[in-house]
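The values are calculated or read from the model by the stated rules, or taken from the named source; none is laboratory data. All figures in this text were calculated on a predicted structure; none of them were measured in a lab. Here the Cβ positions follow ideal geometry from the backbone for every residue, glycine too, while neighbour counts run over all protein chains shown.
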Amino acid sequence: MYEYELVGAALKLLRDMFKVKKGESVVITSDTESSMEVVRATAQAACALSAKPMVINVAAPRGVGKAADQDLPLAPLTAALKEADVWIEFNNEWLLYSTPFDEAVAANKKLRYMCLVGMNPDLMVRNIGRVNNVAVGSFLNKVEEITKKAKHVRVTTPAGCDVEFDHQPNRDFYTSDGFVGHGEKKMMAGQISWTPKLETINGIIVFDGSIVPSAGLLKSPVKLTIEKGLITKIEGGIEAKQLEDYLSSFDDERMFRIAHISYGFNPGAKLTGDIVEDERVWGGTEWGIGNVGPQLTSDIPGGIPASSHTDGICLNSTVWLDGELFLKEGEVVGPTKEIIELAKEAKKLEY
Ligand SMILES: [Fe+2]
């Protein structure tokens with residue numbers, strides 16, 4: 001599928017986002033659940049740039065992250081990653097936060113990495129191939145700047161969200177702008193995540209896109225009441241019950257606490273039930289619940305642990321930054337002309 005267009009998407013990934021140079025080593029990892037079409041296309045693109053691709057395909061582990069360790073060829077995999085210039089991860093049972101990942105990242109300070117877990121031809125053509133990735137990257141960096149500058153944020157949606165919070169001063173944002181520089185580790189482009197001052201989050205969150213894991217793609221909205229960052233009530237139909245059962249199953253009070261908010265800004269993303277794409281739907285906001293990863297808490301080494309994590313999507317969000325309108329039902333309307341123009345450019349698909 002898309003065997004012609006895929007090479008174009010992979011070329012954009014390596015050339016525009018990683019700035020791969022002649023002679024660099026590009027290690028592409030995958031497992032037996034991965035799409036080998038995207039793997040092959042990426043290796044072809046590396047050759048087109050006169051770089052040196054190396055494909056490592058492993059038997060799919062029975063778990064992800066550290067849970068994958070038991071099934072991985074740890075020593076040879078780690079050895080290759082420790083020396084790579086570029087690492088593209090297409091594993092379905094992901095290596096992110098596995099022992100080979102941790103050891104490679106600690107030892108290889110030049111490594112440029114992107115996590116593209118669960119990538120398939122359709123997703124890659126829509127979210128990378130048709131997207132002006134450079135324009136999206138510039139827009140996202142500006143969005144991070146204006147959002148970070150605000151002290152207080154209010155988010156509403158047509159489905160009934162109305163929630164407010166303050167920022168935690170001196171806490172970094174995690175912006176997936178698509179650009180991967182020296183030593184950087186990135187996720188797929190089109191998302192900005194951050195963890196607010198958790199005890200200041202109050203109001204109503206209504207998920208109307210998807211909740212993954214637990215309910216999946218939603219047929220009816222799920223309403224959460226939030227008091228000081230804690231979920232005190234979950235209302236709705238069968239999907240609300242599925243979420244509540246999921247959170248309760250861990251017998252862990254932290255699983256009822258908010259972990260992060262994210263903006264979605266990939267102009268090619270559509271709601272499919274695949275959370276990697278859902279959380280990038282343009283103009284949506286996402287709320288994470290449970291574990292807070294270390295990448296979201298620059299001020300708290302190790303993050304805020306909980307048994308697990310789930311994410312829910314609120315479509316067509318309206319966002320006020322210190323009372324000034326930034327997003328109106330999913331469209332960028334302010335606060336400056338510059339950001340409106342950057343959004344316009346970023347939204348233009350290339351084909
Ligand atoms: Fe999340």
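Here LYS66 meets each of (1) at pLDDT below 95; (2) in contact with a strand residue (DSSP E or B) (Cβ under 8 Å, 6 or more places away or on another chain) with one exception, condition (2).
Those helices (runs of 4 or more DSSP H) of segment 91-161 in which at least 1 residues are of a type in the set (Phe, Trp, Tyr), considering only elements entirely within it, cover 99-107, 133-149. Can you tell me how many residues within segment 290-329 are more than 11 Å from the ligand (Cβ to nearest atom), surrounded by fewer than 20 Cβ atoms within 10 Å (Cβ to Cβ) and either within 18 Å of the chain's Cα centre (by Cα) or not assigned by TED's automatic domain parsing to the domain that holds GLU277 (or both)? Of the residues in segment 290-329, 3 are more than 11 Å from the ligand (Cβ to nearest atom), surrounded by fewer than 20 Cβ atoms within 10 Å (Cβ to Cβ) and either within 18 Å of the chain's Cα centre (by Cα) or not assigned by TED's automatic domain parsing to the domain that holds GLU277 (or both). Being away from the ligand (no atom under 14 Å from the Cβ) and touching a residue at least 60 places away in the same chain (Cβ under 8 Å) is the requirement here; does GLY273 meet it? Spelling it out, GLY273 is indeed away from the ligand (no atom under 14 Å from the Cβ) and touching a residue at least 60 places away in the same chain (Cβ under 8 Å). Put simply, of VAL163, VAL143 the only residue that is among the β-branched types (Val, Ile, Thr), within 20 Å of the chain's Cα centre (by Cα) and not assigned by TED's automatic domain parsing to the domain that holds ALA9 is VAL143. Of all residues in segment 58-77, none satisfies being buried (at least 22 other Cβ atoms within 10 Å of the Cβ) and β-branched (Val, Ile, Thr).
Looking across segment 185-214, the residues that are touching a Ser or Thr at 6+ places or on another chain (Cβ under 9 Å), modelled with pLDDT of 95 or more and buried (at least 21 other Cβ atoms within 10 Å of the Cβ) come down to GLY190, GLN191, SER193, TRP194, THR195, ILE205, VAL206, ASP208, SER210, ILE211. Would a scan of segment 277-286 turn up a residue that is exposed (fewer than 15 other Cβ atoms within 10 Å of the Cβ), more than 16 Å from the ligand (Cβ to nearest atom) and assigned by TED's automatic domain parsing to the domain that holds THR175? Within segment 277-286 (the criterion being exposed (fewer than 15 other Cβ atoms within 10 Å of the Cβ), more than 16 Å from the ligand (Cβ to nearest atom) and assigned by TED's automatic domain parsing to the domain that holds THR175), the answer is no, since none of the residues qualifies. Being part of a strand (DSSP E or B) and either at pLDDT 95 or above or away from the ligand (no atom under 16 Å from the Cβ) (or both) is true for just one of LYS223, LYS241, LYS219. Which residue is that? When all the criteria are applied, what remains is LYS223.
Checked against the criterion of being without any contact (Cβ under 8 Å) to a residue 60 or more places away in the chain, surrounded by fewer than 19 Cβ atoms within 10 Å (Cβ to Cβ) and within 16 Å of the ligand (Cβ to nearest atom), the candidates PHE256, PHE250 yield just one match: PHE250.
Quick check, is SER262 within 13 Å of the ligand (Cβ to nearest atom), more than 15 Å from the chain's Cα centre (by Cα) and outside any loop (DSSP other than H, G, I, E, B)? No: the conditions fail for SER262.
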